[in-house]
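S.K.: Here you go, one structure.
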Amino acid sequence: MQADTTSGPDASADDARSADIQLRLELKNREWKILRRLNREAEENCASAKPSEADRFARHFANVTERVTAARAAVRDLTKQKSAVAQTCAGFVDFDEAVGHFIETIKRGDRAAASDALDRLSVSPRFLEERLRPILDAAKTAGRLDLLFTLFANAAPRTLSRFSIVATAAVMGIEIERRREALALLEVAQRRSDTQPIRFGTMDMLSQLARLDQELAERLSLLKYNGIRMKTESDIFLAAKALADRIDLDPLLLDFLFEHRRSRSLPREAWEERIRIAFCVGQLIWDRPRSASPAGRVLRYGNLVSEADRKEAFAGIDRTNGVLLATVHGGTTPLNRVLFQEEFEEHVIVANSTTASTQISVKNNLDGGLFQTLRAMSRGKSVLIAPDGAHGTRNYFGEVLGRSIRTAAGAAFLAYESRCYCAWYYTVPTGDRFLPVVVTAPKPDKQESFESFAERWLSFYWAEFENLLTGDPDGICLIGRYWAVLSYWDR
């Protein structure tokens, strides 16, 4: 199943193939660019690494170098495919050139030419969505946000077929004090979605928008979840199935995960449909759309974890010397936290910020946060931490599907110093319920150095993440941020 990259069902097969190849080229070019930056960083780190770190950094550098070479070859191949399509497709649109032309017309303030350029780009709203950030940045630098908003407010309906385009335009309108027109644009998009539901991607979460403008977030929730209604928590799976045809995932990453799946029983289309459903489950958990629930009630999905499953998952935990549960940032993260808080009365959660007394931040003071967490553990408190975060000195490396991931060792440090019970912990959608999974992690051996233990512990952690990615597609329930960076396998 290919992502919807065309303007609609009336698009020709050539147009669809052209749009798909150019989207893949855009994504692969971005991957290549990021990998080249990572490669330079890895080379510099090799040169400055301590003797104890040299081997680790050298292995990482070799891994990234190999990936750079592979990405470059893929870019060349896709470029050839693009050229071949350009020669055979009568209505071929070079979206890369079209974006450049659109930006230039905005800078000049040429409304008529910019309107034509936007209409041409709208042949592939998905590609336009991928380039929204540089377009917005160029308009802001040139002092042309008013013009850009006017273009979107008067654009053809197909331009407003993607959630992020509508949301970006609406936020822009409010920021430049054209609120009435921004809300009118949302009304147009809402009416269109009654017959053609709006498409969205993995980054289109409502949480950030709610902080900017509550009314805007509620309007966008109505737009994104148009036609979706849930009477009870158990309806989340039916709602996710109804949404599955509206979400677009990175086609290159889908190819990669399908190639590495452990079970070969499902054909591609069925496998991908289940991943789409899993992603939509994650979107519903994070967004918690009041518009999709009865009387605006916030649904509590913890009710979908049976008491028997909870007991089985947590029964083997030795709570004598404290507990450290290591998870990942995923689609079920809010549910992971709820179950953890309910299971362990005395607890702390290591997070980016401290919005509650039970949270410890490591964002601005990693060492202070870690030692504060150790003190809490010494007083018998249980800890939930996500080692895949971007904070900390990332001078250790894990491996997922043959790809090196630079990682901080804060969680391994806590496990090493506390000698407490430690486990991998995640909650996966399965059938009509959620299932908590707890897998006991290794403990440090007597006289084992921290260096040795950290490598062993992180190997375990990333191996469990790999099991998640290669296992039942129902469990590949990630959030947008993770899905976007997963292609590059480095935070």
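The values are calculated or read from the model by the stated rules, or taken from the named source; none is laboratory data. Just so you know, these numbers come straight off a predicted model, no measurement behind them. Because the Cβ atoms are built from the backbone with ideal geometry, glycine has one as well, and the counts that use them run over all protein chains shown. Remember, those area values only see protein heavy atoms, side chains included, never the ligands or the DNA or RNA. Shrake-Rupley method; radii C 1.70, N 1.55, O 1.52, S 1.80 Å.
S.K.: Please go through the stretch 140-249 and write out the trypsin sites (Lys or Arg not before Pro) that DSSP classes as loop and that have at most 14 other C-beta atoms within 10 Å.
M.R.: The qualifying sites are Arg229, Lys231.
S.K.: Pairs Lys33/Lys241; Lys80/Lys224; Lys82/Lys224; Lys381/Lys446: which exceed 28 Å Cα-Cα?
M.R.: With Cα atoms farther than 28 Å apart: Lys33/Lys241; Lys80/Lys224; Lys82/Lys224.
S.K.: Under a plain spin-label model, where a point goes 7 Å from the Cα along Cα-to-Cβ, how far apart in nm are Gln447 and Gln341?
M.R.: Label-label distance for Gln447 and Gln341, simple model: 4.6 nm.
S.K.: So I have [x] 54; [y] 39; [z] 58, and one of them is percent of Cα pairs over 35 Å apart calculated from this model. Which one is it?
M.R.: Of the labelled values, this structure produces [y].
S.K.: Please figure out what share of the DSSP beta bridges in the chain is antiparallel and state it in percent, rounded to the nearest 5.
M.R.: DSSP beta bridges in the chain are roughly 45 percent antiparallel.
S.K.: Can you give the relative contact order of the stretch 57-213 as a percent, counting alpha carbon pairs under 8 Å and 6+ residues apart?
M.R.: Relative contact order, the stretch 57-213: 16 percent.
S.K.: May I pose another question? Could you order the peptides 124-130, 265-271 from most to least packed, using the average number of other C-beta atoms within 10 Å per residue?
M.R.: 124-130, 265-271
S.K.: For n ≥ 4 DSSP H runs only, could you compute -39500 (n - 2.57) per run for the chain, divide by its residues and tell me the 222 nm figure to the nearest 500?
M.R.: Roughly -18000 deg cm²/dmol at 222 nm, from the helical runs in the chain.
S.K.: List the trypsin sites (Lys or Arg not before Pro) within the stretch 369-444 that DSSP assigns to loop and that have no more than 12 neighbouring Cβ atoms inside 10 Å.
M.R.: Hits after loop and neighbour filter: Arg379, Arg419.
S.K.: Which of Val75, His101, Gly91 sits closest to the plus end of the dipole of the stretch 29-166, meaning its Cα is farthest towards the positive end, when Lys and Arg get +1 and Asp and Glu get -1 on the C-beta?
M.R.: Of the candidates, Val75 comes out farthest on the positive side.
S.K.: Roughly speaking, what is the stretch gain from Asp116 to Thr65, that is 0.36 nm per residue apart minus the C-alpha to C-alpha distance, in nm to one decimal?
M.R.: 14.2 nm
S.K.: Now a separate question. Could you tell me the calculated FRET efficiency between Asp137 and Ser459, based on Cβ-Cβ distance and R0 = 41 angstrom, to the nearest 0.05?
M.R.: The calculated FRET efficiency here is 0.55.
S.K.: With every protein chain left in place and a probe of 1.4 Å, what is the accessible surface of Asp77, to the nearest 10 Å²?
M.R.: Accessible area of Asp77: about 80 Å².
S.K.: Mind pulling up the Rg/Rh value for the stretch 68-189? Radius of gyration and Kirkwood radius, both on Cα.
M.R.: That ratio is 1.03, to two decimals.
S.K.: Quick one: length gained pulling Asn29 to Leu266 fully straight, 0.36 nm per residue minus the C-alpha distance?
M.R.: Length gained, Asn29 through Leu266: 82.3 nm.
S.K.: Could you check the simple spin-label distance between Phe92 and Ser357, using points 7 Å along Cα→Cβ, in nm with one decimal?
M.R.: 6.7
S.K.: Sticking with this one: Not counting ligands, DNA or RNA, and with a 1.4 Å probe, what is Met377's accessible surface area in Å² rounded to the nearest 10?
M.R.: Rounded to the nearest 10, that gives 10 Å².
S.K.: Where does the charge balance sit around Ala463 when Lys and Arg score +1, Asp and Glu -1, over other residues with C-beta under 11 Å from its C-beta?
M.R.: Charge balance in the 11 Å sphere: -2.
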